[in-house]
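Worksheet: one structure, shown below.
The values are calculated or read from the model by the stated rules, or taken from the named source; none is laboratory data. Values in this document were obtained by computation on a predicted structure and should not be read as measured data. Don't worry about glycine lacking a Cβ; one is built from the backbone with ideal geometry, like all the others, and counts go over all protein chains shown. These accessible areas exclude ligands, DNA and RNA; they are computed on the full protein's heavy atoms, side chains included. Shrake-Rupley method; radii C 1.70, N 1.55, O 1.52, S 1.80 Å.
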Amino acid sequence: MKIIKGIPASGGIAAGPAYIFKPTEIGVKRETIQNPAAELSRLESARNVAREQLKALKLKTENEASADEAAIFDAHAMFLDDPSLLELVADTVNAEKVNVEAAWADGIENFARQMEMMGDEYLSARAADIRDVGKRVLRILSGQSETDLSGLNAPSVILAQDLTPSDTARLNKDFVLGFATAEGGPTSHTAILAKALGLPAVVGCGPALMEIKSGSEMLIHGGKGELIADPDEKTKQLYQKLTGEATRVAGVELEAAAEHAVTRDGRQVEIVANVGSPSDAVSALKYGAEGIGLLRTEFLYLERTTAPTEEEQLAAYNAVLDVMEKRPVVVRTLDVGGDKQLDYLDLGKEANPFLGWRAIRMCLDKPDFFKIQLRALLRASPNHDLRIMFPMIATLEEVRRSKALLAEARKEVLAAGHPVADNIQVGIMVEIPAAAQMADFFAREVDFFSIGTNDLTQYTMAAERTSEKMAYLADPCHPAVIRQIKRVIEEGHKQGIWVGVCGEMAGDPEAAPILLGLGLDEFSMAAPGIPHLKAILREWSYADAQKLAEHVLNLENGTAVREYVRGFTHA
Ligand code: PEP
Ligand code: MG
């Protein structure tokens, strides 16, 4: 029996044989050619085939995961047609009289390296995408089929060094019981996909993972970040019980998902979903979401070459609001910068992009650009409960200026003859410690607070959230974070406004009872986790949760807090 510890990426338990996923290496031979035009026309045909493959992968991913996940293949298609890459390849073929495989491989590597050298996490991820597209074309040119997945014909636990979006899209999800990768952090592509599919995943397992033999019996515990190869009889039985029980419980929880989350002593809290695209909204309802607590609007802006128009945005907001009918929908205005770059905005290179010109800071500097989004939102508002939320607010002036721009946008929309709903709630994300500290002032300016614990933790602990090495600091259960949340909720309530959490913490079964005890009104989270979270909150009484919250505020660190929650005995 071999136990491997990794980073928990997506909860759940599964058991099954190991399927080792190793993309085949494509060898490229450099050859001298006579007819450059013929070579380039081979490339053109290969690119046409690749484009069709990417279209099919996009469609498949849209159906199986989400539009958000699928958008990556648009980016791949863009690289495929990148004019400077094509020019570089044509120049090499013409000038050096080499075969197009060699010229293409060089060109791709050149491009990927340039991206990596920018020293930016987001661009490094794009380098992996460029290599992924590059290999696709080389495979087509050499007549090789895609990575052989024919071995995956029975439900298996997928083990891989790392998984690219193309790899995961081609896996037959009916046969995937869970994922484990040697590389990757908790926000890696594998982690996000696994969460969206509701499958267990462990990432960052290290080199020991790839020593496991294909077909070995595997147990995977996503929540614990644990993987067991060739388990002994006792462990197997334990997992069998756990898996059987988990499946049974998940079924029961899903049945009760449409009901409210009410504690044993009658306190009801609102459970809503974080969504990243209109298609996510449909599945959110199936999991019992009572509305949307965070619509991340970046999906409208990313992976394209020009900014979305007012009409395009309006159509997207309408699509989400139509699904949600009268339920509350909190739309967050654009939050780019940090690890999300937009080529067409020329955000510039910064030494510390997470501390830089991003989100509301950039939007306030570009009022005409910002008002396009605000007008689209206002036009979408009639007959719905649309709420508008500003991200990354640090100062009162930022809120006041954002509200002033919203008022201007309203005048413009009305002047153009479009109706706008009255009483649209306007709120802010509290995700910068300065805003948490000044919550008493902010509470007089807005209708609600939504605490972004992902960023609040990152900025409180000074630990970049995308870094695998900083994972030990990235715990929202650290009392340094919890104390700020307590303050924000109290100050919000003093002014009679509601307070939610839309960071990952809200859906964390260990952290949520603390938030309940602190008096949180709204929990916004990844939809597949909603049935389980509702079940957990129903087991608590508000009185117990209050005692729990009071106690953990005075513990030393996040580990102590989590241990205390796990060991808490209910009255
Ligand atoms: C957060 O920071 O907690 C949050 C919900 O926003 P995002 O994860 O999009 O930064
Ligand atoms: Mg944030």
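Values as computed for the structure displayed
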| item | result |
| --- | --- |
| Residue 555 accessible area, 1.4 Å probe, all protein chains in place, Å² to nearest 10 | 40 |
| Region 521-543 versus region 58-86: alpha-carbon centroid distance in Å | 35 |
| Computed E for residue 495/residue 570 - FRET, C-beta separation, R0 30 angstrom, nearest 0.05 | 0.40 |
| Accessible surface of region 194-294 [probe 1.4 Å, protein heavy atoms]: carbon and sulfur percent | 55 |
| Cα gyration tensor category, rounded, prolate or oblate, for the chain with a/c compared to 1.5 | oblate |
| Cα gyration tensor shape for region 36-142, rounded if a/c is under 1.5, else prolate or oblate | oblate |
| DSSP-loop trypsin sites (Lys or Arg not before Pro) across region 96-139, with at most 15 other Cβ within 10 angstrom | 97 |
| For the chain, calculated [θ]222 nm from helices alone, where every DSSP H run of n ≥ 4 adds -39500 (n - 2.57) | -14500 deg cm²/dmol |
| Residue-normalised accessible area of region 266-567, given per residue in Å² at a 1.4 Å probe | 38 |
| GluC sites (Glu not before Pro) restricted to region 210-274 and DSSP loop, no more than 15 other C-beta within 10 Å | 259 |
| Relative contact order of the chain, defined on C-alpha pairs under 8 angstrom at six or more residues apart (%) | 15 |
| Accessible-area value, residue 494, 1.4 Å probe, nucleic acids and ligands omitted, Å² | 140 |
| Sorted peptide list for 12-22, 27-37, criterion being average Cβ within 10 angstrom, highest first | 12-22, 27-37 |
| Karplus-derived HN-Hα couplings along region 296-308 (A = 6.51, B = -1.76, C = 1.60, θ = phi - 60°), whole Hz, x at Gly and Pro | 7, 8, 4, 4, 6, 9, 7, 6, 8, 9, 9, 5, x |
| Cα-based reach from residue 234 at 17 Å (exclusive), listing aspartates and glutamates while leaving out same-chain residues under 8 positions away | 217, 226, 245 |
| Accessible surface, per residue, of region 36-142 when the full set of protein chains is kept, probe 1.4 Å, Å² | 44 |
| Accessible-area ranking of 498, 540, largest first, probe 1.4 Å | 498, 540 |
| Accessible area of region 309-445 belonging to carbon and sulfur atoms, whole % at 1.4 Å probe | 51 |
| Entries in 224/469; 58/173; 60/236; 135/349 that, when Cα-Cα distance is taken, lie over 23 Å | 60/236; 135/349 |
